[in-house]
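Notes for the one structure printed next.
The values are calculated or read from the model by the stated rules, or taken from the named source; none is laboratory data. Values in this document were obtained by computation on a predicted structure and should not be read as measured data. Every residue, glycine among them, receives a Cβ derived from its backbone with ideal geometry; neighbour counts consider all protein chains shown. Protein only, heavy atoms only, side chains kept; ligands, DNA and RNA dropped before computing areas. Shrake-Rupley method; radii C 1.70, N 1.55, O 1.52, S 1.80 Å.
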Amino acid sequence: MADESRIIPINIEEEMKTAYIDYSMSVIVSRALPDVRDGLKPVHRRVLYGMLDLGLMSNRPYKKSARIVGEVLGKYHPHGDSSVYDAMVRMAQDWSLRYPLVDGQGNYGSIDGDPPAAMRYTEARLRKMAEEMLADIDKDTVNFTLNFDDSLEEPTVLPAKIPNLLINGASGIAVGMATNMPPHNLTEVIDGTCAYIDNKEITVEELCKFVKGPDFPTGGIIYGYAGVKNALETGRGRVVLRGKATIEVAENGKEKIIVTEVPFQVNPDEMLDRQASLVNEGKIEGITAMRNESNKKEGVRIVYEIRKDAMASVVLNNLYKYSSLQSSFGVNNICLVGGRPQLLNIKELISNFVAHRHEVVIRRTQFELAEAEKRAHILEGLLKALDHLDEVIALIRASQTPDEAREGLMRTFDFSEIQAKAILEMRLQRLTGLERDKLRDEYQELMQKIAYYKEILANESLRMQIIKDELIEIKQKFGDNRRTEIVFAADDISMEDMIADEDVIITISHLGYIKRTLLSEYRTQGRGGRGAKGSTTREEDFVEHIYAASNHNTILFFTEKGRCHWLKVYEIPEGTKTSKGRAIQNLLTLDGSDKVRAFIKVGNLEDEQYINNNFIIMATRNGTIKKTALEAYSRPRANGINAINIEEGDQLLEARLTNGANEIMLATLHGKVVRFNESTVRAVGRNSIGVKGVTIDEAGDRLIGMVCVEDAKAESVLVVSEKGYGKRSEIDEYRITNRGGKGVKTINITDKTGNLIAIKTVMDNDDLMIINKSGITIRMNVDELRIMGRATQGVRLIKLDEGDEIASVAKIEVDESESVKDIDDSSASGENTNPGTPESGPSA
């Protein structure tokens, strides 16, 4: 009965769940997955630490592998000896690790799959790179934990000066997950890490400029970049690897294929056996003989002799297609972050390593500071004792025991117990003049070190600089060139490379339809003509924006709510002159109530000099103006970014690209223009509101346009009213005033002219595209409009039907080859208005 009372009934399903979860977590954390900080699994970490325990540094004699395995098994890793030896062997094989950590002596196997000799025959010691992994481990830089029998302590992670996880990779199968991380080039990884330290906001795409892709120890060729890009950006991808092969022609005219590098983790002998089977089966034709001529001195050399009537290039493609001469490496960057498995991209891997090194530097500095302060405390006591040498000697001689002398020193001279002990243990030779000077020099040096350590602990940027300097030193010691070449496959050809860089017209309608049309589709017409039929739109729609660009340009779209979006011009759907285009909501991720108000054509957003020396000027309906460096808008995001903070009741109206030295002209609906220097507007960040550009004090008035003047002598100002009247004036007609002024009159607003609809800066070789609300377009040359005074009425630019109005005016810069005019016979001749009466209108 007593035995029955000790039996506890348990639900077997719950017990199985609990036991399996415990088992799986044990495998994940303690066996199969590497730590993101040092890139090691527990067994590898224990092997390296055990070798450090044995003093097997790179400049010390080798020790038998059996001795090392026994040390690791007995102290830290209570598992089978083969697991420890296999782990150590792999760390010594230069075809398994890109940067081996163990220096092995003896037979450690071969790339052909030959096994290593037994551990009693081989010897090993640490490599210099492994010493960098273990550096400063004795300075309280990492946490230690008790070993399996609580008799010793072992590190939970190594200090790792080197980003080992990235440069050596890792592979392992856990429970429910696996990891397969490729190695990378040390030089590239350190360059990328330094770039991250300099700019924590660096994007993965920018990091890819430094870390080009995996760099395998066996070399080979990465065929195609798409998989590499996915792996770097997401942590998952499929990298296609090819052996490096050349085609040679023998004296007898026969061709040979010589393979000198094979894909990573491919056994050349097994590959040849499989290829021989394929030749016998007839899947690969044209090979008369194949042999493995590899040796330790010259490395891999596999020779394929080609039949005289066969083409070596075709045979090589078949070898790639059907055999492991082309293989794939499935990247799966899962590792332990804070004890939990996570999938990380290249930036996250680097940031976790930098965070680990940052903690190591802090803990190392705290340790060194404490040690320096301890030593300084003792030196202060010794120096004080030397200053009172006779009294100290007399006190010690008068004491019966060391304890009495120690207490006497503490009582008489206010020494601490540590200082008193140091004085009693001081050798008599330290009393000589030279030794006393050495003590003072040592104390001064220590005080400088203490001040430096305190500065490090107080200054994060200094700590980051230390990490960077240490990485650069590692790069100088161990950095090398890439072994694996990256070649672009047909799939990697970008869409931009396939599209001709032609000039196009981009049109956006009032209801948000966008298209691009070849510039050559628009005929040049004379001033005053009725124009040709443009976009076919709904009755309530009309073309509102028109822009000239080229297919390879990038367009920045600015919405009335202050958002910025990016689009390559060739990504805009192509349409004819009469088609309505595609809804812009299908191309950009826009808020349902938002609307594109301005767009800017920019060049290469990767050119740092270009983006840092150009600015975007924005203006809102209420007269606010804001200036921000183009660099702030050089990193495209799928959902767009905030370009400007818009106040309640306001909206973005215009955005212009400037070089920082332009003049700004702002025009209002009621015909006022203010002109001021761009330098009066200070550059601010993306999320700022901006400053007042023009004062609007009339009811119903608002800002309708902004222009940026580069050369006031070469350019002129064109203003257009909504009822088809316009004129050109010299820019100097508008005097320079302070930013925020009311401006000067540019045109008289009458029922005949309507309000101001557009303001543009133009030159003689420019063309104008004028579009009215009914969809009619007309293109004319600017040089047909003579220069008039600011107080003139202007001329009729376009005939309008009853009730129709101008919707938009765009300036088109054309080549000299396009200067020939194609005048439509059905176009009516232009009608000049009386130039004596000034007229005005709003600008778009």
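Please list, ordered by residue number, the helices (runs of 4 or more DSSP H) wholly in region 74-168 having 1 or more residues that are loosely packed, with under 14 Cβ neighbours inside 10 Å and in contact (Cβ under 8 Å) with a residue 24 or more places away in the chain.
On the way: elements: 81-90, 128-134, 164-168.
By residue number, 128-134.
Of everything in region 637-651 that's of a type in the set (Asp, Glu) and in contact (Cβ under 8 Å) with a residue 24 or more places away in the chain, which residue is most open to solvent (accessible area, probe 1.4 Å)?
Taking region 637-651 first, the residues of a type in the set (Asp, Glu) are 647-648, 650.
This time we only want the ones that are in contact (Cβ under 8 Å) with a residue 24 or more places away in the chain, so: 647, 650.
Details: Glu647: 101, Asp650: 24 Å².
Taking the candidates together, the pick is Glu647.
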Checklist entry - Within the group Thr432, Thr412, which residue is closer than 24 Å to Glu445 by Cα and hydroxyl-bearing (Ser, Thr, Tyr)? => result Thr432
Next on the checklist: Among the numbered criteria (1) within 18 Å of Thr218 (Cβ to Cβ); (2) in contact with a Gly (Cβ under 9 Å, 6 or more places away or on another chain); (3) outside any helix (DSSP H, G or I); (4) open to solvent by 40 Å² or more (accessible area, probe 1.4 Å), which one does Glu270 miss?
Outcome noted: (3)
Item to check | Residue count for region 652-672, restricted to those that are open to solvent by less than 30 Å² (accessible area, probe 1.4 Å), polar (S, T, N, Q) and in a loop (DSSP other than H, G, I, E, B) | outcome: 1
Checklist entry - For region 346-414, which fully contained helices (runs of 4 or more DSSP H) count at least 2 residues that are closer than 30 Å to Leu232 by Cα? => result 346-387
Checklist entry - Hey, does region 695-704 have a residue that's buried (at least 22 other Cβ atoms within 10 Å of the Cβ) and of a type outside the set (Val, Ile, Thr)? => result yes
Item to check | In region 312-361, the residues that are among the hydrophobic types (A, V, I, L, M, F, W, C), over 30 Å from Ala250 (Cβ atoms) and open to solvent by 50 Å² or more (accessible area, probe 1.4 Å) | outcome: Leu343, Ala355
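Can we say Ile423 is aliphatic (A, V, I, L, M) and either under 15 Å from Leu386 (Cα atoms) or open to solvent by 50 Å² or more (accessible area, probe 1.4 Å) (or both)? Talk me through it step by step, then tell me what you get.
On the way: aliphatic (A, V, I, L, M): yes; either under 15 Å from Leu386 (Cα atoms) or open to solvent by 50 Å² or more (accessible area, probe 1.4 Å) (or both): yes.
The answer is yes for Ile423.
Would you tally the residues in region 318-354 being under 15 Å from Asn143 (Cα atoms) and in contact (Cβ under 8 Å) with a residue 40 or more places away in the chain?
To start, the set of residues in region 318-354 that are under 15 Å from Asn143 (Cα atoms) comprises 338-339.
Next, only the ones that are in contact (Cβ under 8 Å) with a residue 40 or more places away in the chain stay: 339.
Summing the residues that are under 15 Å from Asn143 (Cα atoms) and in contact (Cβ under 8 Å) with a residue 40 or more places away in the chain in region 318-354 gives 1.
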Checklist entry - Any residue in region 215-235 that is closer than 11 Å to Val331 by Cα and polar (S, T, N, Q)? => result yes
Checklist entry - Is there a residue being open to solvent by 20 Å² or more (accessible area, probe 1.4 Å) and farther than 21 Å from Asp215 by Cα anywhere in region 260-267? => result no
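Results for (1) open to solvent by 90 Å² or more (accessible area, probe 1.4 Å); (2) under 30 Å from Ala160 (Cα atoms); (3) in contact (Cβ under 8 Å) with a residue 24 or more places away in the chain, shown as yes or no for each residue.
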site	(1), (2), (3)
Asp414	yes, no, no
Thr432	no, no, no
Leu439	no, no, yes
Tyr443	no, no, yes
Tyr453	no, yes, yes
Item to check | Yes/no for Met57 being touching a strand residue (DSSP E or B) at 6+ places or on another chain (Cβ under 9 Å), open to solvent by 20 Å² or more (accessible area, probe 1.4 Å) and touching a residue at least 60 places away in the same chain (Cβ under 8 Å) | outcome: yes
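If you take the residues of region 389-399 that are open to solvent by 30 Å² or more (accessible area, probe 1.4 Å) and in contact with a Ser or Thr (Cβ under 9 Å, 6 or more places away or on another chain), which of them is nearest to Leu424 (Cα to Cα)? Full working, then the answer.
First, pick out the residues of region 389-399 that are open to solvent by 30 Å² or more (accessible area, probe 1.4 Å): 389-391, 393-398.
If we keep only those that are in contact with a Ser or Thr (Cβ under 9 Å, 6 or more places away or on another chain) too, we end up with 391, 395.
Numbers: Glu391: 14, Leu395: 11 Å.
Here the residue is Leu395.
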Checklist outcome for this item: Within region 673-694, residues being surrounded by 20 or more Cβ atoms within 10 Å (Cβ to Cβ) and assigned to a strand (DSSP E or B) number 4
Item to check | Filtered residues of region 276-311 (kept if surrounded by 12 or more Cβ atoms within 10 Å (Cβ to Cβ), in contact with a Lys or Arg (Cβ under 9 Å, 6 or more places away or on another chain) and farther than 22 Å from Val266 by Cα) | outcome: Glu285, Gly286, Thr288, Ile306, Arg307
Checklist outcome for this item: Among the residues of region 590-636, the number that are crowded, with 18+ Cβ neighbours inside 10 Å, among the small types (Gly, Ala, Ser) and without any contact (Cβ under 8 Å) to a residue 40 or more places away in the chain is 1
Checklist entry - Based on what the data block shows, is Leu567 open to solvent by 30 Å² or more (accessible area, probe 1.4 Å) and in contact with a strand residue (DSSP E or B) (Cβ under 7 Å, 6 or more places away or on another chain)? => result no
Next on the checklist: Yes or no: region 754-777 includes at least one residue that is in a loop (DSSP other than H, G, I, E, B), modelled with pLDDT under 75, open to solvent by 50 Å² or more (accessible area, probe 1.4 Å) and of a type outside the set (S, T, N, Q).
Outcome noted: no
Checklist entry - If you take the residues of region 16-39 that are touching a strand residue (DSSP E or B) at 6+ places or on another chain (Cβ under 8 Å) and not charged (D, E, K, R), which of them is most open to solvent (accessible area, probe 1.4 Å)? => result Val29
